[in-house]
Ligand code: WT7
C-alpha cells in the first residue's frame, strides 16, 4: 500500500473543477508563468514573496546557498530582521483584531467550543512571553513544549517566538525516555506541559511523564516546569521547580516588546527520526521559514479571507507547526484546533466538526482516510459537508482507492484534492498540485511548487530524464529548508548532501510519469512511515535490545492496510530464554514504554538467527520480503554467512 502504483491509474485525470478554477487565486497560466519566473530569477521571485512579511528591517539579501559540502551554507534574507509572533498577531490587529484566530474544538463534543480572536490570542501570548522573561528565559534559550492539542500549545509556541526562545514541541504520545532524550539533546531550560491530555476520552498523564523524564540523567538543564490545568487531575507539584501556568501569567501585562530576530536566528527545533541513531533536532530559522509557510499556505490552499481552515495534525508534528500555527496565523486565517481523534465518540466526528464550524479547507492524513473509509459511506453521508471547497492530504502516499473515496464521498465529487508531499526538513509543502491550476491524478503529488527543482537520480547519482523511477533529490534550496541538525552540523551535511554531491537527498523513492508528474513511492532508507509518523528502525531496535532477555533485533516496515506501513520486528533472544507469547507481549509493551505508542511493533517474529553478510551486516532486503509475505522474491541469498537461517524465518513468517 505504501508504494502507489502509477501504471493503471496514471491515465485517470481529475480536471480542476471549473467552478473552482473560476474563482481560484492561481490558474494554469499563473502556475506556468510563476514557476518559470521562480527558476529563471530566484532572487527576484523570493524578494517579492518576502514583501508579505512585516520586517523590522527588510532584507537586502535574498538567496545565499551552496550545497557543495566543501563550502556549505544555506542563508535566506540574511540581513532581514523580524519577529514571527508579530507577523502572526500584531500585524493582524488593525484589520482582524476581532476575527477568530483559533477555533478550539475539544475532545468531548459536549465541552464548549472556544473562539479566540486575534486580539485575545495576542494578549495571551504577550502575558506568557512576559512571564517567561521573568523566569529568566532569554533569546536563544530552548523551551520544551509537551502539551495536548489545546490553544495553550499555540500560545506557548508564539510566546517563545516573541522573546526569541527556541521551542521544541514534543508530541504528547511520546514516552518519558523520548522526552528525556529530546530535553538532553537541546539542554532545555524550561518545560511547558499540562496535568493531563485527553484523546478519545482517554487521559494521558503528561505531567507524570515529564516527572519521569526529568528523573532521567542528562535532564538537569531544566529549571522550571509550567503546568497548564487542563483536566483538573491531581498532579505532583515539586516546588520550586513546578509552577501552575495560571499563577505565572496572572497579572502580567497584555503587551510585550518583541525580540528583534535576524532572519537566520532559530525559530524552532523539531525532532524527527532518521535511518540511523537517535532522532535528530531539525532546526528551522525565522525569516525563510515564515515566508515559505505563509506563501505556500495561501497558494496551495487557495486561501480566502472567510475560509475556516482545518489541519487535523497535532502541533507535535511539522504539519501542525506550519499549517495550523505559523502559516494560517501569518495569513490572518481562522484555524481549527482539534483536541480529539477521528473515531470518538463515533466515526462521524470529522464530518460533524466540519459541519459545526463550517470548515472550508480540510487537510488530513491518508491513514485517517483509509480508517474512515473502512467504516463505509453512511457515517459521512449523514452529514452535510457543504461548506467544504478543498481537501488535502499529507504524510504518506495515498492509494488511489482512498483518494477516490475522499474525492467522491467526503468531497461529494465537488472539491479538488491536493496531495502535498513534504518533510519535517522542508518546512512546507514542495510537491503538490495547485488546486485551481493543476489537474489531479489519484496517488500523485503532481507538480513542484514555485522555486522547487525536483529531480530523480539512480543509485550512482546520475540524473534521470523523462519518464523514470529513482531517488528523489532537490537541486536547489527554498526559504523553508532546514538549516542544521541542532548541535550536529556534520550530521546534517552527511545525511542530506553527501549521498549525491550538490543535491539534497530526500530519502524518498519516486516515479515521474510521461507527463512529468511526480508519484512518491515511499522511503528508500531505514525509516518506516507508520500512519504518517516517521519511525527509525534503529530506534525500535535499540529499544528492543535494551530488554534484558533480548540478544539482537532487526526491524523493517511491511504494508499495512490502515497505517500504510506497520512495524515488523525480528528478535533473537539470549540463550536459554523461552520464546513465549507472553514475552512477545512484554517486548511490545517495552517498546511502547521506551519510545511511545506510535512505535508499537505490529508483529514480533522469533529469529533464531538473522540473515547477515559475511561482514556481519544484516540484510534487511531479505527481512522486508519475508515481512511482506513475498518469500518468492528473496533474490540471491548466497552471499549470506549462513543461508540456512532464511528457511526458518520464511517458515515462521507472519503470513505463513
Ligand atoms: C516523509 C516525511 C510532511 C509532513 C508530514 C510528514 C512521506 C509526506 C507525502 C505525500 C507521499 C509523503 C515521505 C516523506 N510523505 N507527504 N504527500 N506522499 N509520501 O513529515 O514525518 O518528516 O515525513 O513522509 O516519505 O519523506 P515527516
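The values are calculated or read from the model by the stated rules, or taken from the named source; none is laboratory data. Quick caveat: nothing in here was measured; it's all calculated off a predicted structure. Cβ atoms come from the backbone with ideal geometry, glycine included; neighbour counts cover every protein chain shown.
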Residue under evaluation residue 508, criteria (1) within 13 Å of the ligand (Cβ to nearest atom); (2) at pLDDT below 95; (3) in a strand (DSSP E or B), criterion not met: (2)
Filter result (in contact with a strand residue (DSSP E or B) (Cβ under 6 Å, 6 or more places away or on another chain) and at pLDDT below 95) within segment 1-34: 1, 2, 3, 4, 6
Pairs, first in contact (Cβ under 8 Å) with a residue 12 or more places away in the chain and within 20 Å of residue 313 (Cβ to Cβ) in segment 394-415, second in a strand (DSSP E or B) and away from the ligand (no atom under 12 Å from the Cβ), C-beta under 7 Å, six or more apart: 406/391; 410/391; 411/391; 415/390; 415/391
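Residues are listed down the side, and each one gets a yes or a no for (1) touching a strand residue (DSSP E or B) at 6+ places or on another chain (Cβ under 8 Å); (2) in a strand (DSSP E or B):
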site: 572; (1), (2): yes, yes
site: 593; (1), (2): no, no
site: 624; (1), (2): yes, no
site: 654; (1), (2): yes, no
In segment 552-567, residue surrounded by the most Cβ atoms within 10 Å (Cβ to Cβ) [restricted to those that are under 22 Å from residue 278 (Cβ atoms) and more than 12 Å from the ligand (Cβ to nearest atom)]: 555
Every residue from segment 418-438 that is more than 11 Å from the ligand (Cβ to nearest atom) and either more than 24 Å from the chain's Cα centre (by Cα) or closer than 27 Å to residue 383 by Cα (or both): 435, 436, 437, 438
Residue match in segment 628-646 (condition: modelled with pLDDT of 90 or more, under 26 Å from residue 534 (Cα atoms) and touching a strand residue (DSSP E or B) at 6+ places or on another chain (Cβ under 7 Å)): yes
Hits in segment 511-542 (condition: within 25 Å of residue 629 (Cβ to Cβ), without any contact (Cβ under 8 Å) to a residue 60 or more places away in the chain and away from the ligand (no atom under 11 Å from the Cβ)): 541
Enumerated strands (runs of 3 or more DSSP E) restricted to segment 308-413, each holding at least 1 residues that are within 13 Å of the ligand (Cβ to nearest atom): 308-311, 361-364, 390-394
Members of segment 518-527 that are touching a helix residue (DSSP H, G or I) at 6+ places or on another chain (Cβ under 8 Å) and either modelled with pLDDT of 95 or more or not in a strand (DSSP E or B) (or both): 519, 526
Within segment 498-507, tally of residues that are in contact (Cβ under 8 Å) with a residue 40 or more places away in the chain and surrounded by 19 or more Cβ atoms within 10 Å (Cβ to Cβ): 5
Condition check for residue 217: surrounded by fewer than 22 Cβ atoms within 10 Å (Cβ to Cβ), away from the ligand (no atom under 16 Å from the Cβ) and farther than 24 Å from residue 121 by Cβ: yes
Positions within segment 585-601 being within 19 Å of residue 529 (Cα to Cα), touching a helix residue (DSSP H, G or I) at 6+ places or on another chain (Cβ under 8 Å) and without any contact (Cβ under 8 Å) to a residue 60 or more places away in the chain, in sequence order: 591, 600
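For every residue, the table says whether it meets (1) crowded, with 24+ Cβ neighbours inside 10 Å; (2) more than 16 Å from the ligand (Cβ to nearest atom).
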{"position": "264", "(1), (2)": "no, yes"}
{"position": "274", "(1), (2)": "no, no"}
{"position": "278", "(1), (2)": "no, no"}
{"position": "292", "(1), (2)": "yes, no"}
{"position": "304", "(1), (2)": "no, yes"}
Residue within segment 46-68 that is under 20 Å from residue 160 (Cβ atoms), under 26 Å from the mean Cα position of the chain (by Cα) and surrounded by 17 or more Cβ atoms within 10 Å (Cβ to Cβ) present: yes
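Determine if segment 440-460 includes at least one residue that is within 18 Å of the chain's Cα centre (by Cα), assigned to a loop (DSSP other than H, G, I, E, B) and within 12 Å of the ligand (Cβ to nearest atom).
Looking only at segment 440-460, we keep the residues that are within 18 Å of the chain's Cα centre (by Cα), and these are 445.
Now drop any that are not assigned to a loop (DSSP other than H, G, I, E, B), which leaves 445.
Among the residues that remain, those that are also within 12 Å of the ligand (Cβ to nearest atom) are: 445.
Yes, there is a match, as at least one residue in segment 440-460 is within 18 Å of the chain's Cα centre (by Cα), assigned to a loop (DSSP other than H, G, I, E, B) and within 12 Å of the ligand (Cβ to nearest atom).
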Helices (runs of 4 or more DSSP H) contained in segment 166-282 and holding at least 2 residues at pLDDT 95 or above and under 16 Å from residue 594 (Cα atoms): 176-186, 206-214
